[in-house]
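The values are calculated or read from the model by the stated rules, or taken from the named source; none is laboratory data. None of the values given here were measured: they were computed from a predicted structure. Here the Cβ is made from the backbone with ideal geometry for all residues, glycine too, and neighbour counts use every protein chain on show.
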Amino acid sequence: MTIESRPAGTIWTFAEEDYRFGAGPLRIRIERVLASAPLQHDGDLWYEVEGVEMSDQGQVVGPRRVTVRASRLPTARRH
């Protein structure tokens, strides 16, 4: 699955309740959504996402793989 709704390099912010696991908002530049293995948790669909975590100041924190609530992910198209 690739992200199609915003330009490459867009930083997405997810509230703490919309990703697993961490504390506080997550800022991430999404590079890939692993659509082949969705997860069910608490009645919701979740996807693993790979990308680069960013600080509030726009600094690169590092690579990050995280599970995100599907309803909060940007519009995407399967390839």
(request) Filter segment 34-79 down to the residues that are crowded, with 16+ Cβ neighbours inside 10 Å and modelled with pLDDT under 90, then identify the one that is farthest from Trp12 (Cα to Cα). (result) Ala35
(request) Could you check segment 11-79 for strands (runs of 3 or more DSSP E) lying wholly inside it with 1 or more residues that are small (Gly, Ala, Ser)? (result) 26-41, 44-54, 60-69
